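Notes follow the structure.
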Amino acid sequence: MTEKEIWSMEELVALTDEVQISEVVFRDKVVEFQFCELVEKEEPKIKSQDGMSEEDKMGYYQELGSDRVMKMVKKGNEKNPDGPCISSKQWKLLPTTLRYQITNKILGVEEEVKANFTL
């Protein structure tokens, strides 16, 4: 049986100040990027979805998720300007599939996505 690792509160708090560098493989080449975890006051603000259609809500949440990831990337870029930076302007111009890969990696859902699409 594998011993489980447990986070200390100090380690968790440090994540909001620590720049993490990661990578994804896109069309047989590596794309490096950096990011930093957010604290609540840095998170994008959610507005009311009252009266929105389901389609509009989905679009809103997709945009909110993209904004959240970009804030994490920008925070990492500010803390480590010499690292593998992606600017807001570049982010909007990246291929959608690459943006999804980076988003999934940052949010930690990469393995879930692989499991859902594996036959």
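The values are calculated or read from the model by the stated rules, or taken from the named source; none is laboratory data. Only a predicted model underlies this, so the values are computations on that prediction, with no experimental measurement involved. Quick reminder, even Gly has a Cβ in these numbers, built from the backbone with ideal geometry, and neighbours come from all protein chains shown.
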Residue pairs meeting the criteria (Cβ under 9 Å; at least 6 apart or on separate chains; first closer than 19 Å to Q101 by Cβ, in region 73-86; second of a type in the set (D, E) and modelled with pLDDT of 95 or more): G83/E32; P84/E23; P84/E32
Any pair with Cβ under 9 angstrom, 6 or more apart, that starts in region 53-66 at a residue that is closer than 16 Å to I106 by Cβ and ends at one that is part of a helix (DSSP H, G or I) and of a type in the set (A, V, I, L, M, F, W, C): G65/L107; S66/W91
Restricting attention to region 87-98, the residues that are under 22 Å from T16 (Cα atoms) and in contact (Cβ under 8 Å) with a residue 12 or more places away in the chain number exactly 2
If I filter region 46-57 for residues that are surrounded by 10 or more Cβ atoms within 10 Å (Cβ to Cβ), within 22 Å of L94 (Cβ to Cβ) and not basic (K, R), do I get at least one hit? no
Go through region 95-119 and give me each residue that's at pLDDT 95 or above and in a loop (DSSP other than H, G, I, E, B). P95
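Listed here are the residues, each with its yes/no results for (1) under 14 Å from M72 (Cα atoms); (2) free of Cβ contacts under 8 Å to residues at least 40 places away in the same chain.
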{"site": "E5", "(1), (2)": "no, yes"}
{"site": "D17", "(1), (2)": "yes, no"}
{"site": "F26", "(1), (2)": "no, no"}
{"site": "K29", "(1), (2)": "no, yes"}
{"site": "E42", "(1), (2)": "yes, yes"}
{"site": "Q49", "(1), (2)": "no, yes"}
